[in-house]
Structures are given as structure tokens and as C-alpha cells.
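Below: the structure, in C-alpha cells.
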Amino acid sequence: MALEPTVKHESQPGASPDARMDDLPDQDGRGAYDLPRLDCGHDAWRFVTGLCDGGGVERRLMIEFVAHRTTRPDGGRLVSHGCGWTYSVPESSTYREQTWRDAGAVELICLDTSRGWDPSVGEAVREACASGRPIGPDRLLPGPVALAADRLCLDFGGVAELSAPAEGAYHVVLRGDDETWELRLRALKPAVRESLYQGAPLGVDESRCSFLMPRLAADATWSRPGHPPVRMSGLALYQRAFGAAELPQDGGRPPVDRERTWIALHLDNGWDVVACQSGSVDVASGMTARRPASVVLVAPDGTRQEAPARLDPGESWTSIVTLASYPTVWRVDAPEAGLSLRVAARFAEQERPTVIGPGALLAAAATAEGELHGRPVHGDGLLEVLPVNRILDFEGHLEGLRAITHAEVVRLYPDAPEPEAITVLAGLAPGSRWPVDVVAESLHRSLVAPVRHLADAMGRGWRSYAAIAAMEMQGVSSRPYRALTALAELLHTASLIVDDVEDNAPTRRGRPAVHQVFGQATAINTGTHAYLVFDQVVRHLLPDDPERRLRLYQAYLDGMRRNHAGQALDILGHHEAMEAAVVSGDAAAVLERVRTTHRLKTGGVVRGIGEFGAILAGANGELLAAISAYYETVGLAYQISDDVADLRALLARPGDPGSRVAKLPGEDIREGKVTYPLAHAVPLLPRARLREVWDVVRAGNAAPAAAREIVGALEDCGATAASLADARQAIDQAWRPLQELLPVNRHTVMVRALGLYAAQRHLDE
């Protein structure tokens, strides 16, 4: 339990600081703003530093200490703490982060994910945190947290310490596994009030008080085992904030999420600039309330000026790790202050976990250029972008990968008939004497356009995510293997093109099926050819690793055989097995047959996708087998819940691009298919009623009213509920052995959530 000495103030943890502002100085030098506010819900101390070593190498260090206090749903007090730091070298695009939490912060995350989060993600998070340890890369503080009440003296478990040895001076010590930082900072300008937010959009108390010490001299020593200490110096900015709890848990407050852009800059003319825009999202209504943006400017003599501003985002970067999208370029305009700046991250990949609460943010070293008072200025500092982190819908969250996946698809299947891309698609050697330019347009029209017709309307992309997650959950970065996303999407697209020909389906993903537009012959040829892009991608990913390429080829070919075997069973159907079950009243054989078909046709492909990522990450033996089994079961569970979705006409939900449109409940019934719920109904329906149902299904082309009646019978007898229960049981059984072999990190949590979602996505529909 964190150690927090008793203090005079004992108001509620979420209380507004407004009534206590009189005891805090603005610029009188007493430093009372430094003191912990143990009666406030949120307490934060942050330092943004720009340092240079003796060789002129520029480094950035951002440090944060946070204490959070809220009320549990049962009325008890929950105190949590977190700290962290990011270290970057812009010249080499190096970025490292460390985030530490105590047990209270882990409990806070569990409570937060029970309010307004997607049920599958929330359950996976709570399951992962059940041991009281945080989800990696976050780490558990090794000791208690101590905050003195009468002075600035913070000790976060022996990992990070902050103190004020003298007025306007600060001492910070950071201890990681393989590094130690010691910083001494001295104020060059007095503290100023950054902002005092008043009012409560959406009925949520968001009062916050923030102070800035805009410019400090910084001296730092960076020590690592086996290396001489590196001494650096530079400038820093210090922010002190406190106020209402960011994650209130009491039942009287609706769950909210927050978004924020915060820019802190030192300009080369001696001025300092802090720009901010923040907002709140009401989870229940989806409404967003944003405060007007503002800037605080501090002159070289310490004079403070505040003005309204516009913060306009520019180009963005999407993280393949969290799927969050961050604007990395911003325009900051404050005409009343004579300020106009373009602020840009030094490089894109500067994402770190939030110190309190689940999620991540961009905490990027940034540069600025523009004008102040009509004169050109340059500067550098921090660009921080906190997006909405609450995952309300699992598949909707995975849409964050669509842009990355589509870009990789376009690289393989370009918009125009580019000879180089067509050469590779045609299997010709670069520089070949074949007249590719003569046939490029024709090949583009017959091989590329049909694939793009369907791929451009791609679904929500959980298969693409599954491929990269199979790497990330082992602790291996998927960034060099982005082409995996296209591979997963193209394999799925190819199977859909061929399936639609076999089923004579009119539409797919809200548009005419490929064979309806390009003809059956072209669709069959194109779909088959798209399977072969696997070789092209693998050669690109592993140009000099024939051993791993061979393993990938073996996994791929096994998966394709499974898929086609499952499709063969699906085409043949299960009428004979169902008839035998109706006669005997024993569903075991037909259930196993349907289950096997699902495992082969859908599960086999998903298993292969998981194996691609697993093998690229180096998985072997027991781990590879466990990943394969779990991913196959995800495919099985997804297909079972798909059978339920058809009965409930859920494939017809507006805006869902991932499925064929179903106009009426029970289209599988009208097509005479034996699905998992129908097989489950064998022992659950009275024998005579079962015979009636089966005779209607077997005949096919059931009238809409008859189909709806059968849907009702399957629901009422418990067949759909039993199907979803089977899917959940299969997922849980496959997860247990894999769970024991993997670290607990964001991607193991999300892969667990993927299985839960596949099994129960229609449980409450």
C-alpha cells in the first residue's frame, strides 16, 4: 500500500481545487505549488528536458510522477501511483520508455475497464491483472510509494525520486534495470500559472490547476553498467498539475474518456510557449466536449501572457502496436499574441503507455518554426497527443489497422499498371526480356482490379491484427513485418472471391461480388492467383533466411490444404449426417462433422495466419503448437458465432463492411445448410418438431415466414445459446496452455480478447 501521510485537508478525492487557490502563490517564489495535494484526485509532476552531451549529441528526457485518488464503487478510497520516463535520440530515431505502477494503479485499471469498455477487452484486461501485476511493458514498483506532506519529497518505490533541495531547485533520480539518471535543475524563470479550468462539460467535474516553471537549467548524468558516465546539460520545463480525478469510479459519475494535445516549447529568442487543447468524451452518449485551445507565452523576463489559439492537426502516424492514430504535425496560431508556428515530431514512432490508466499517448521530441511578433523563430520541445483510449468496440478498434493494411495491399496491387509491380505479380524476373509493358495494362485489369475491387472494401481487419499480434505477444516487434497485414488480408480476400463463385453469391462487403463484375472465369483465376502472393511477400520479408522461409511455406501449404478440405466438406454439405441424427436423436456425429468443417475451413486459415507471425518471431515446439491450436480455435469460434449471426440476421447490420448482406433472418436455413445451431437442436427439440424443422431446411428455399419460425424454434430450445457456450468453452480450453507460455503484455491481452470476442460477439444480441 502506498504511504501517504495524513494531511490537514480531507475533502473528497475528486474535489475541485478552486476553493483552495488562495493558499497557492502565483509568482511569489514560495513554491507551495510543489507540495502534494493529498486531498485532490490527481497529482502530477512532469519535467521535459532537452540535453546535449560533450559530443553534441542531442537527447530528450521526459519524466512524470503521478498520484491518483478516487472512490471505489463500494465507497472505499483507492490510491494509485505511477511514474515513467522516455528517452530519445532524435538524430538516430532512438526511443525507449519505462513505465512503473503500484498495485493501486493495477486495481484502477481493472475498475476502469469494467465501465464502458468492450466486454471482451474488459474481461481480458481484468483476467490479466488478477495477479495484481501490471500489463507489460508496464512494471510493478518494487517498493512502497512515499509522498511527504510538508515538502516536495517523492519516492516511487526506489525507482524514481524527486525532491527540492532549495528554492527553485529540483533533484531527480531515476533507476532502471540498465541505467541510472541523476538530474539537477535550477529555475531560470519564476513559476507561472498555466491555466485554471472551470466548468464541467457533460456534467463531469474536470477542474484542474496547473503551474509551469517554463525554463530551467538542467545538468544530467546518465550511467550504465560497463560504460563511463555520460554528462549532459541543457534546458528543461517543469509542469505541476493537480485537481479532480481523471478516472472517477464512484457510481454517481458516468465513465468518460479524455483527449488532449499539449505542446511545450523553448524558442531560440528566449521565449517559452505552452499550447493546449483538451476534451472529454461521454461514453454513454458518445458526445465530445472540447475546451477552446489556448497558449501561454512567457517572455525572457518571466512575464506571462495567455491568448486564445487554434491547434490544427496535419499528417498522422498510426501505431502498429496500439492501432492509435496520432497527428505528428500541428499548426499553432494565436493572432492576439502574434504567434504562428508549425510544430512537428522529430520522428513518428514515439509512443509510450500512459502512467495512470490503460492506453498510450504520443510523447514526442518536436521542433517548431514560424513567427512571433512578426519575427522568425525556431524552437524545440515536446509534442504530446493523448487520444481516446477507451475501447468501446473490439472490431471497431481493429479498424485502426485498415490504413496500414490497405497501404501494404496497394504496394502489391497498385492503383495503376506499374510495370515493376506487374512483373513481380506475373512471376517474372526483374529485367526479364518479356514485354511486360505490352501486357501490363491487361494484367492489371485481369489480376489486380478484381482483387482491389474487394480488398478496397476490406472488413475490420481482425485477421491482419492476429498476424502481427502473434509476433508482438512474444515480445518481438512487428514493425519490420508490416507486409504481414497485407498477406492476411489477401488470403482472406482470395478465399472470399472463390467462395462467392461457388455459392453464386450476388454481393460481398456491400458491393457486387467479384464474379458479378468481372465474370466467373476471371474471378476464379484471380482468386487462385491471389493465394500465390504469399511467396512474393515471404521473399520480401526474409530475403536471406531460407530456413525460416521453408518453415513459412510449410505452414502456408498446410493451411491451404486445410482450407480447401473444409471447403470441400462445406460444398458437399452435411445432409446425410443430419438425417441420421434426426432419426437417432444423437447429435454427436453431425456436431463433430460441422465442427470439423469449421476448424478446417475457417480455423485452418486463422491458424496459418497465427503461425506466420509466430514463426517470424522465432516460436518453436510447445509455444508454436499452443499458438497454432489457439488461433485455430479462434477461427472455429468465429464461425460458430457466424452461424448464430445468420439466424439473427446480424450480418445485415448497417455499416458492417465485413460480411455478405443478409436481408432476412435464417438465410442459411433458406439455403438448406446444416449449421452448428441446427445440429445442436437435435437433442433439444421434441422428435416430431425436429423432423418438421429438418424437412423444411433440407428442402431449401424456405419461405421467409417458415425460416423465421425455425429461427424462433432454435432460439427457444436453447440451440443458439448452446452453440455460443461451446465456442466459449473451446476458446478457454485453448487459451490456458498458451497463457502459461507467454508474458503478460498488451498483445496477449488483445489476443485473449480476440478469442472472447469471436466466441461471444452475438451473445447479447
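Miscellaneous remarks
- Of the residues examined, residue 765 is one that is over 30 Å from residue 626 (Cβ atoms), at pLDDT below 95 and outside the structural domain of residue 462 (by TED's automatic domain parsing).
- Restricting region 593-603 to residues that are buried (at least 24 other Cβ atoms within 10 Å of the Cβ) and among the polar types (S, T, N, Q), the residue that is farthest from residue 759 (Cα to Cα): 597
- Considering 457, 449, the condition of being in contact with a strand residue (DSSP E or B) (Cβ under 8 Å, 6 or more places away or on another chain) and either surrounded by fewer than 20 Cβ atoms within 10 Å (Cβ to Cβ) or part of a loop (DSSP other than H, G, I, E, B) (or both) is satisfied by 457 alone.
- Positions within region 578-592 being part of a helix (DSSP H, G or I), crowded, with 19+ Cβ neighbours inside 10 Å and either modelled with pLDDT under 95 or within 43 Å of the chain's Cα centre (by Cα) (or both), in sequence order: 578, 590, 591
- Reported count of residues in region 128-174, each being touching a residue at least 24 places away in the same chain (Cβ under 8 Å) and outside any loop (DSSP other than H, G, I, E, B), is 15.
- Region 663-692 - residue that is among the basic types (Lys, Arg) and either in contact with a Cys (Cβ under 9 Å, 6 or more places away or on another chain) or assigned to a loop (DSSP other than H, G, I, E, B) (or both) and, of those, farthest from residue 704 (Cα to Cα): 689
- Checked against the criterion of being closer than 18 Å to residue 679 by Cα, among the hydrophobic types (A, V, I, L, M, F, W, C) and free of Cβ contacts under 8 Å to residues at least 40 places away in the same chain, the candidates 636, 572, 591 yield just one match: 572.
- Annotation: of all residues in region 85-108 being among the hydrophobic types (A, V, I, L, M, F, W, C) and in contact with a Ser or Thr (Cβ under 9 Å, 6 or more places away or on another chain), the one that is farthest from residue 222 (Cα to Cα) is 108.
- Pair list, Cβ under 7 Å, 6 or more apart: region 718-739 residue without any contact (Cβ under 8 Å) to a residue 60 or more places away in the chain, other residue part of a helix (DSSP H, G or I): 719/677; 719/680; 722/680
- Comparison of 508, 599, 539, 548 shows that the only residue that is modelled with pLDDT of 95 or more, assigned by TED's automatic domain parsing to the domain that holds residue 632 and under 32 Å from the mean Cα position of the chain (by Cα) is 599.
- Residue pairs meeting the criteria (Cβ under 6 Å; at least 6 apart or on separate chains; first in the same structural domain as residue 605 (by TED's automatic domain parsing), in region 458-469; second among the polar types (S, T, N, Q)): 461/405; 464/405; 464/485; 468/478
- Spans of helices (runs of 4 or more DSSP H) in region 503-560 with at least 2 residues of a type in the set (A, V, I, L, M) and either free of Cβ contacts under 8 Å to residues at least 24 places away in the same chain or buried (at least 16 other Cβ atoms within 10 Å of the Cβ) (or both): 520-531, 533-541
- Subset of region 338-371 [more than 16 Å from the chain's Cα centre (by Cα), closer than 18 Å to residue 312 by Cβ and crowded, with 20+ Cβ neighbours inside 10 Å]: 339, 341, 343, 345, 364, 366, 368
- In region 325-336, the count of residues that are among the β-branched types (Val, Ile, Thr), crowded, with 22+ Cβ neighbours inside 10 Å, modelled with pLDDT of 95 or more and assigned to a loop (DSSP other than H, G, I, E, B) is one or more.
- Across region 675-722, the number of residues qualifying as of a type in the set (Gly, Ala, Ser) and under 21 Å from residue 593 (Cα atoms) comes to 8.
- The residues on offer are 748, 720, and the sole one that is of a type in the set (Val, Ile, Thr) and closer than 20 Å to residue 127 by Cα is 748.
- Test result for residue 10, loosely packed, with under 13 Cβ neighbours inside 10 Å, in contact with an Asp or Glu (Cβ under 8 Å, 6 or more places away or on another chain) and at pLDDT 85 or above: no
- Residue ID - nearest to residue 715 (Cα to Cα), chosen from residues in region 672-693 that are touching a residue at least 40 places away in the same chain (Cβ under 8 Å) and more than 44 Å from the chain's Cα centre (by Cα): 690
- Qualifying residue in region 604-626 (condition: assigned by TED's automatic domain parsing to the domain that holds residue 554, of a type in the set (Val, Ile, Thr) and farther than 16 Å from residue 758 by Cβ): yes
- Hits in region 154-172 - residues which are closer than 25 Å to residue 104 by Cβ and surrounded by fewer than 16 Cβ atoms within 10 Å (Cβ to Cβ): 158
- Within region 98-125, tally of residues that are outside any helix (DSSP H, G or I) and more than 20 Å from residue 352 (Cα to Cα): 5
The values are calculated or read from the model by the stated rules, or taken from the named source; none is laboratory data. Note that this is a predicted model, so its numbers are computed, not measured. FYI the Cβ positions are ideal-geometry reconstructions off the backbone, even for glycines, and counts take in every protein chain you see.
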